[in-house]
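Below is one structure, written out as structure tokens, with a few remarks after it.
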Amino acid sequence: MRTLVVLLAATLFSSCTSTVLADPALYVSPYLALYQLGGTTKMQSESEGVTVDNPQQKLRSFGQDRHREDVGLRADIGDGFGGIRAEYYRLDMDTSRKGELAHDWGSLLQGDMVSVYAEMDEVRLGYLEPFADIRTEYRDEELRLQFAGGGIFATRSMTLQGRQDIPGTRAQDLTITGDVVYLAARARATWKQFAFDLDYAVAPEEFVLSGDVEDFSQDIEARLSYRLPQRDISFFAGLRYSTISASGDANGFRYDNEMTIDGFQLGFTVTF
């Protein structure tokens, strides 16, 4: 916890003294997220009055095996590379497929044909300070390499609602919440009108502030963007891979989830 306090204090001090906020611009980036929810989950069940610990099973068993369309919004205040970033992402995934459970999962039983509805609100707020800016040439054009480091605070609230295929029969829900601070790094390569960004954030268990999230978490994002000549707008495509580990209680049953969120992004950025 002492390490976490030092990190937050250093990030706040950097944001107050940084040159990237001396004359900041606002960059607004709405995007379409084509993500899928994967990983494994397990939950206790009850058999003849006895609580049973069940093995892990893939979320594919619940019909979660396709990319779904969701939306996100990102806003940056700074010089276009470093500075303050705020982001909201809404995961809202139903499934048209049914899956057969390999093991009991709470009130749902082995062999049940089930589907799961997943929803999550994710808010991320961070600050990254540039520490290196290298300029060279590639094919007679300037190639600029930038690097930054800092921290990100993320808060998430996710609900999984499992339902048996037959209406009005067995169902099982669980809710996952978590507030986490990540150590973050960013790198960018700019050439002509193109820019490639790579963001990496990592949080050991000690950086979990509250909620059901536990263990090691990481988030990787890569974006390729193209800026229109003489315009304050650019278009981008990207990839994201995020891991979430959580355990807790759902109506008296203990659960343990090792989930991933990964997929594609398509959007644009407008500069004000």
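Once you sort the root eigenvalues of the Cα gyration tensor of region 77-190 as a ≥ b ≥ c, which label holds: rounded (a/c under 1.5), prolate (a/b larger than b/c) or oblate (the other case)? Verdict is prolate for region 77-190. The calculated FRET efficiency for residue 189 paired with residue 125, based on their beta-carbon distance and R0 = 35 Å, is about 0.85. For region 135-240, carbon and sulfur atoms together expose 55% of the accessible surface, with a 1.4 angstrom probe and every protein chain in place.
Near residue 98, which lysines are there with a Cα under 30 Å away, not counting those fewer than 8 places off in the same chain? Excluding near neighbours in sequence, the set is 42, 58.
Take 220, 244 and sort them by solvent-accessible surface of the protein heavy atoms, 1.4 Å probe, largest at the top.
220, 244
Computed from the C-alpha gyration tensor, the three semi-axes of the ellipsoid equivalent to the chain are 40, 21, 14 Å, from longest to shortest.
Here the Kirkwood formula puts the hydrodynamic radius of region 135-272 at 18.0 Å, using every distinct Cα pair. For the chain, the longest principal axis of the alpha carbon atoms and the long axis of helix 2-17 meet at an angle near 40°.
Note on the chain: dipole from Cβ charges, positive end direction compared against 151, 26, 101; the farthest Cα belongs to 26.
Under a model in which nothing but the beta-carbon of Lys, Arg (+1) and Asp, Glu (-1) is charged, region 45-96 shows a dipole of about 220 debye around its Cα centre.
Run through region 64-118 and list the trypsin sites (Lys or Arg not before Pro) located in a DSSP loop whose Cβ has at most 13 other Cβ atoms within 10 Å. Within region 64-118, the qualifying trypsin sites (Lys or Arg not before Pro) (loop, at most 13 other Cβ atoms within 10 Å) are 66, 97.
Between region 220-236 and region 146-173, the C-alpha centres lie 30 angstrom from each other. Considering the options 218, 230, 266, tell which one lies farthest towards the positive end of the dipole of region 158-272, charges being +1 on Lys and Arg and -1 on Asp and Glu at the Cβ, about the Cα centre. In region 158-272, that residue is 230. Placing R0 at 30 angstrom, the Cβ-Cβ distance between residue 77 and residue 32 gives a FRET efficiency of 0.85 after rounding to 0.05.
Rounded to the nearest 20, the size of the Cβ-charge dipole of the chain about its Cα centre is 740 debye, with Lys and Arg at +1 and Asp and Glu at -1. Given their separation in residues at 0.36 nm each and the Cα-Cα distance between them, residue 48 and residue 239 gain 64.1 nm when the chain is fully extended.
The values are calculated or read from the model by the stated rules, or taken from the named source; none is laboratory data. All figures in this text were calculated on a predicted structure; none of them were measured in a lab. All Cβ positions, glycine included, derive from the backbone under ideal geometry; neighbour counts span all protein chains shown. Ligands, DNA and RNA are excluded from the accessible area calculation, which covers all protein heavy atoms including side chains. Shrake-Rupley method; radii C 1.70, N 1.55, O 1.52, S 1.80 Å.
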